[in-house]
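K.L.:
Below is the structure I would like to discuss, written out as structure tokens.
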Amino acid sequence: MNCTSKHAVSSPGEKFNLLSEICERGYAFVPSYRVNDVTVDAFATLGEVTVLDGFCPTQMLVPRSAETVHPNTYSGNFGRGEFPLHTDLAHWAVPPRYIGLRCVKGDRRVATRLLDGLDVLRHVGRATLRRALAKPRRPLRGNTQLLHLLDVAGQDEILRWDGLFLLPASSTGEAVFLQMKSLLEKEEPHSLILGNLGDTLLIDNWRMLHGRSPVPIVGSDRRIDRVYLANIF
Amino acid sequence: MATPEPKKHVASAVIHAWSAEALFAKAQRYADEMLKHPRDDWRFGLWSALALELLGRAALAKFNPALLADGRDWNNIYYSLGFSPTANKFIPKSVDINEVFKRLREMIPRFTTELEGFAVLHMARRNEDVHSGGLPFDNLKTAGWLPTYYFACTVLIEFLGGNLELLVGAEESVLANTMIAASQDQSAKAVMKSVNAYRTVWDAKDEEERAKLSTQAQTWALRGLGHRVTCPACGSVAIVTGEAIAAPFRELDGDLVVETQQYLPSKFECVACQLKIAGLSQLSVCGVGDTYKATFTYDLAEYYTPEVDYSDFEDDNNEP
């Protein structure tokens, strides 16, 4: 899993080398970044914001109970409970490269969880993951398509995982799904809290699995903004 | 050989059904089904044929999915390019699988005439199985087809940038490589037996006849029918012919156009001792399997003047 460019970004008053940080550990955290900017403008200083077909440039993530949301979302399935580790849009042919999360209203009781996909590759094996086939649980744009749990994309690799939106589509896929579920039960993900306004997390969605800890039943008005980015400056 | 340009991987929801990625994934799915059965079971054979077809189509799609389109309806080409034809009741149609393997033979140097022949035969078995009451995969001895099958798969997967393990897993790919090596060794032994037999017959001829036949062979080989080599059985001048593996390279030399092109040999013939060998692996064993360069020279007028075929005239006739 390579990073394709290595430009350091320099924005007024701040200097980061986010890409090297993301290459190093799969994500980068920037505390209270550009608190006066709207989310999409703040992210536009860090990378190329991409607007996906059918999505708003910025999506507002707020905890919701399962009964109030359609089942085509994680909230519709898990409500305020724990969101299992996954790749965003794993059921797409090519999932978005980077996820940007930005705290608008923090809640220190709720954590974003991260697991390095390199650990998955080590445990399951590259060749096995490249043979393991999955398919979206529902037809996508009228079609069902076969997807590899590990794809090669030029110089990069795409690890995809979603225990809800993906189903195994071959016998190797079935075996690897069992292996993945067992592995994710055992692994201890890294927890990170977006607690303050502007706290910004950039995640390599082709490498890292991410999830959310349970949200307290009452009293949470946590709000996180999400954007997708095609690259990081 | 020119390889296709790398694609930029941007987020996208769906994958084109004729993309190399989609076709290869399906080949993997079929291979998984194949491996659920014993190798001498008919279902192993049938799934193997289905997987090979998808693998062939994936390799062709890697050049461009448009090569898969049945050109009789332009909507198929339009579809292959990623568009949605508006024609009523449109169902995309791709080219016949034999045509796919023919194109691959011309485009991938390692996918030789032998491998094309095997692939076409295996597709014929599949057709017989699904379209008739015949049982072509029953009683099919694995030694007769599986090594060549795995070799064909290896060539196609390596062209796609992977290896056989991606299709059949680590354990089966080790076995497959052993089968391929053993099979090539056996075919080597067989062809050397044949060479030795021809040598024995040649040595039995008297010296005068040998000299006469060698001279005739030298004259025959000068006609430019192929690439000249030394016959492994009798030592006379012989010919190998093959398929072009690269686009011709042209350069001007004064008033002449000199065109050179690389070839991979597929057939050998010696008119002195009558030895004939077909197939790159056999040719390689006999030391006549190297690629060769053919050179053609044209004058400028000959090169640029359109060839006249006199199609409006009657057949040529040397009138009295």
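The values are calculated or read from the model by the stated rules, or taken from the named source; none is laboratory data. Note that the structure is predicted; figures quoted are calculated from it, not measured. Please note: Cβ atoms are built from the backbone with ideal geometry, for glycine as well, and neighbour counts cover all protein chains shown.
K.L.:
Based on what the data block shows, is B:I245 in contact (Cβ under 8 Å) with a residue 12 or more places away in the chain, touching an Asp or Glu at 6+ places or on another chain (Cβ under 6 Å) and either farther than 24 Å from B:T113 by Cα or surrounded by 14 or more Cβ atoms within 10 Å (Cβ to Cβ) (or both)? Give the derivation first.
P.N.:
On the way: in contact (Cβ under 8 Å) with a residue 12 or more places away in the chain: yes; touching an Asp or Glu at 6+ places or on another chain (Cβ under 6 Å): no; either farther than 24 Å from B:T113 by Cα or surrounded by 14 or more Cβ atoms within 10 Å (Cβ to Cβ) (or both): yes.
In short, no.
K.L.:
Of everything in segment B:36-55, what is away from chain A (no Cβ under 13 Å) and surrounded by fewer than 23 Cβ atoms within 10 Å (Cβ to Cβ)? Give them in sequence order. Step through it out loud before you land on a result.
P.N.:
So the first thing to find is which residues in segment B:36-55 are away from chain A (no Cβ under 13 Å), and the list is B:38-46, B:48-50, B:52-53, B:55.
Within segment B:36-55, B:P38, B:R39, B:D40, B:D41, B:W42, B:R43, B:F44, B:L46, B:L50, B:E53 meet the criteria.
K.L.:
So, in segment B:128-146, how many residues would count as being surrounded by 15 or more Cβ atoms within 10 Å (Cβ to Cβ) and part of a helix (DSSP H, G or I)? Step through it out loud before you land on a result.
P.N.:
Start the filter on segment B:128-146 by keeping residues that are surrounded by 15 or more Cβ atoms within 10 Å (Cβ to Cβ), which leaves B:129, B:136-137, B:140, B:145-146.
Of the ones still in play, those that are also part of a helix (DSSP H, G or I) are B:129, B:145-146.
Total satisfying the criteria: 3.
K.L.:
Let me ask something else about it. Can you tell me which residues in segment A:152-175 are under 20 Å from B:W18 (Cα atoms) and modelled with pLDDT of 95 or more?
P.N.:
Narrowing segment A:152-175 to residues under 20 Å from B:W18 (Cα atoms): A:152-154, A:169-170.
Matches in segment A:152-175: A:A169, A:S170.
K.L.:
Given the options B:A31, B:A22, name the one that is over 25 Å from B:P136 (Cβ atoms) and hydrophobic (A, V, I, L, M, F, W, C).
P.N.:
Working: B:A31 fails: over 25 Å from B:P136 (Cβ atoms).
None of the others qualify; the one that does is B:A22.
K.L.:
Restricting attention to segment A:30-47, does a residue exist that is within 18 Å of the chain's Cα centre (by Cα) and within 14 Å of chain B (Cβ to nearest Cβ)?
P.N.:
So in segment A:30-47, the residues within 18 Å of the chain's Cα centre (by Cα) come out as A:30, A:39-40, A:43, A:46-47.
Then keep just the ones that are within 14 Å of chain B (Cβ to nearest Cβ); that gives A:47.
There is at least one residue in segment A:30-47 that is within 18 Å of the chain's Cα centre (by Cα) and within 14 Å of chain B (Cβ to nearest Cβ).
K.L.:
Is there a residue being assigned to a helix (DSSP H, G or I), under 21 Å from the mean Cα position of the chain (by Cα) and closer than 26 Å to B:P147 by Cα anywhere in segment B:83-96? Can you show your working first?
P.N.:
Kept after step one, since they are assigned to a helix (DSSP H, G or I), are these residues of segment B:83-96: none.
For segment B:83-96, residues assigned to a helix (DSSP H, G or I), under 21 Å from the mean Cα position of the chain (by Cα) and closer than 26 Å to B:P147 by Cα: absent.
K.L.:
Still on this structure, please answer the following. Return a yes/no flag: does segment B:147-165 have any residue that is in a helix (DSSP H, G or I), within 14 Å of chain A (Cβ to nearest Cβ) and touching a Ser or Thr at 6+ places or on another chain (Cβ under 7 Å).
P.N.:
yes
K.L.:
Any idea which of (1) within 14 Å of chain A (Cβ to nearest Cβ); (2) surrounded by 23 or more Cβ atoms within 10 Å (Cβ to Cβ); (3) part of a helix (DSSP H, G or I) is the one B:W18 doesn't satisfy?
P.N.:
(3)
K.L.:
Does segment B:56-66 include one or more residues that are over 30 Å from A:Y228 (Cβ atoms), away from chain A (no Cβ under 14 Å) and free of Cβ contacts under 8 Å to residues at least 24 places away in the same chain?
P.N.:
yes
K.L.:
If a residue has to be surrounded by 18 or more Cβ atoms within 10 Å (Cβ to Cβ) and modelled with pLDDT of 90 or more to count, how many in segment B:192-226 make the cut? Can you show your working first?
P.N.:
Residues of segment B:192-226 surrounded by 18 or more Cβ atoms within 10 Å (Cβ to Cβ): B:195, B:198, B:202, B:210, B:213-214, B:217, B:221, B:226.
From what's left, modelled with pLDDT of 90 or more: B:195, B:198, B:202, B:210, B:213-214, B:217.
Selection size over segment B:192-226: 7.
K.L.:
How many of the residues making up segment B:88-100 are surrounded by 13 or more Cβ atoms within 10 Å (Cβ to Cβ) and farther than 14 Å from B:R57 by Cβ?
P.N.:
Residues flagged as surrounded by 13 or more Cβ atoms within 10 Å (Cβ to Cβ) and farther than 14 Å from B:R57 by Cβ within segment B:88-100 amount to 1.
K.L.:
Taking segment B:166-178 only, how many residues are within 12 Å of chain A (Cβ to nearest Cβ), crowded, with 21+ Cβ neighbours inside 10 Å and within 16 Å of B:T142 (Cβ to Cβ)?
P.N.:
1
K.L.:
List pairs: first in segment A:99-124 and closer than 20 Å to A:L209 by Cβ, second aromatic (F, W, Y) and in a helix (DSSP H, G or I), Cβ under 7 Å, 6+ apart or cross-chain?
P.N.:
Listed pairs, sorted by first residue: A:G100/A:F43.
K.L.:
Please state which of the following conditions B:E114 fails to meet, knowing it meets all the rest: (1) over 19 Å from B:R57 (Cβ atoms); (2) acidic (D, E); (3) surrounded by fewer than 18 Cβ atoms within 10 Å (Cβ to Cβ).
P.N.:
(3)
K.L.:
Let me ask another. So, in segment A:182-195, of the ones that are farther than 17 Å from A:R122 by Cβ and touching a Gly at 6+ places or on another chain (Cβ under 8 Å), which residue ends up farthest from the other protein chains (Cβ to nearest Cβ)?
P.N.:
In this case the residue turns out to be A:G195.
K.L.:
Please find, within segment A:120-143, the residue that is surrounded by the fewest Cβ atoms within 10 Å (Cβ to Cβ) out of those that are more than 8 Å from chain B (Cβ to nearest Cβ) and hydrophobic (A, V, I, L, M, F, W, C).
P.N.:
A:L121
K.L.:
Right, here's the next one. Could we say that B:E106 is closer than 30 Å to B:K267 by Cα, acidic (D, E) and at pLDDT below 95 here? Even if it seems obvious, please write down each step before you answer.
P.N.:
Details: closer than 30 Å to B:K267 by Cα: yes; acidic (D, E): yes; at pLDDT below 95: yes.
Here the answer is yes, as B:E106 does meet what is asked.
K.L.:
Please pick out the residue among B:E33, B:E99 that is at pLDDT 90 or above, assigned to a helix (DSSP H, G or I) and within 14 Å of chain A (Cβ to nearest Cβ). Show your work before the answer.
P.N.:
Working: B:E99 fails: within 14 Å of chain A (Cβ to nearest Cβ).
Criteria check complete, one pass: B:E33.
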